[in-house]
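Beneath this line is the structure, given in structure tokens, with notes to follow.
The values are calculated or read from the model by the stated rules, or taken from the named source; none is laboratory data. The model shown is predicted, which means the values in this text are computed figures rather than measured ones. Cβ: placed from backbone, ideal geometry, glycine included. Neighbour counts: every protein chain shown. Surface areas here come from the heavy atoms of the whole protein model, side chains and all, with no ligands, DNA or RNA. Shrake-Rupley method; radii C 1.70, N 1.55, O 1.52, S 1.80 Å.
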Amino acid sequence: FCVTLFQDGTESVNKADREKEAALVSMSYISLARINSYTGDWEQALFNSQEGYNHARVVSDTNYMAFSLFDISVVFHDMEQYEKGVIYGKEALELLNQYPKARPLFKAYALNATAINFDDWDKPDSALYYHYQVLDDIENLDSMAIGQTFNNIGNTILKQKKYSEAKKWINTSLGLNYKSKSDRRIATNYTNLATISYSLNNYLEADQMLDSAAKYVELSQSTEKKRDYLQQQYRYNKKRGRL
């Protein structure tokens with residue numbers, strides 16, 4: 001599936017007039033970058049995101065300039081270069097905040113990108129600060145499109161060992177992600193729910209959650225989600241003494 005999408009995106013880039021159709025070329029590069037990121041080719045994802053930014057800039061499309069920047073932020077997050085991720089996420093936010101026709105959903109994505117970098121950079125207060133701003137604008141957003149924000153808030157709270165509260169946020173996200181049929185996001189939900197279960201010594205439930213996570217990791221074809229799942233399997237087995 002990813003190979004087919006990649007071929008379609010590459011064909012769009014090759015066939016489009018790079019001057020007359022700069023906006024289309026920009027979106028094609030953004031699509032290619034997403035596929036690169038899913039398959040773990042992060043260097044190529046950075047290259048294609050930058051190309052997306054360059055072409056959006058040609059036609060002064062602020063929304064898609066910002067889109068490319070927060071995509072770069074997410075790629076740096078996946079590469080575990082969180083400080084760089086924060087820089088690009090904030091740059092995307094600054095562009096959108098200064099633009100009167102900024103798309104609310106794009107601003108939500110920029111906030112999310114910034115927040116997840118802060119979260120894994122071990123700066124939970126900053127992570128929650130940016131995540132809660134997404135919810136402040138929820139009246140202008142489709143809740144299914146921001147289902148992962150609820151998960152990410154739960155994930156930050158989970159790391160603070162507030163398991164009951166974290167589970168509520170993550171289950172809300174799971175319901176939204178089932179509606180939007182996002183395998184990648186559902187995989188994240190089940191991985192986090194498994195972490196809560198084994199942290200509370202509920203091993204039967206942890207097994208069930210990890211089984212579900214494995215299914216959706218496979219469906220998502222996401223290298224990052226597979227890495228997250230394997231990390232939690234390692235921690236779970238270590239806790240149970242299954243060395």
Any idea how many residues of segment 153-183 are surrounded by 18 or more Cβ atoms within 10 Å (Cβ to Cβ), within 19 Å of Ala113 (Cα to Cα) and of a type outside the set (A, V, I, L, M, F, W, C)? 6
Residue check for Gln232: out of contact with any Lys or Arg (no Cβ under 8 Å at 6 or more places or on another chain), on the phi > 0 side of the Ramachandran plot and in contact (Cβ under 8 Å) with a residue 40 or more places away in the chain: no
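Just give me the residues in segment 42-71 being over 17 Å from Ser222 (Cα atoms) and touching a Gly at 6+ places or on another chain (Cβ under 8 Å), in sequence order. Working first, answer last.
Keep residues of segment 42-71 that are over 17 Å from Ser222 (Cα atoms), which gives 47-70.
Selection gives Tyr64, Phe67, Ser68, Leu69, Phe70.
State which residue is surrounded by the most Cβ atoms within 10 Å (Cβ to Cβ) when the search covers only segment 81-103 and only residues that are of a type in the set (D, E, K, R) and within 16 Å of the chain's Cα centre (by Cα).
Filtering segment 81-103 for residues of a type in the set (D, E, K, R) gives 83-84, 90-91, 94, 101, 103.
Those left that are additionally within 16 Å of the chain's Cα centre (by Cα): 84, 90.
Numbers: Lys84: 16, Lys90: 19.
Among those that are of a type in the set (D, E, K, R) and within 16 Å of the chain's Cα centre (by Cα), it is Lys90.
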For the subset of segment 38-47 comprising residues that are in a helix (DSSP H, G or I) and open to solvent by 10 Å² or more (accessible area, probe 1.4 Å), which member is modelled with the lowest pLDDT? Tyr38
Check whether at least one residue in segment 145-158 is more than 13 Å from the chain's Cα centre (by Cα) and outside any helix (DSSP H, G or I), and report yes or no. no
So, in segment 191-241, of the ones that are over 18 Å from Asn151 (Cβ atoms) and either in contact with a His (Cβ under 8 Å, 6 or more places away or on another chain) or modelled with pLDDT under 95 (or both), which residue ends up most open to solvent (accessible area, probe 1.4 Å)? Gln221
For segment 129-152, name all the residues that are over 15 Å from Thr114 (Cβ atoms) and open to solvent by less than 40 Å² (accessible area, probe 1.4 Å). Leu141, Ala145, Gly147, Phe150, Asn151
Failed item in (1) at pLDDT below 95; (2) closer than 23 Å to Lys226 by Cα; (3) of a type in the set (Asp, Glu), with Glu139 passing the rest: (2)
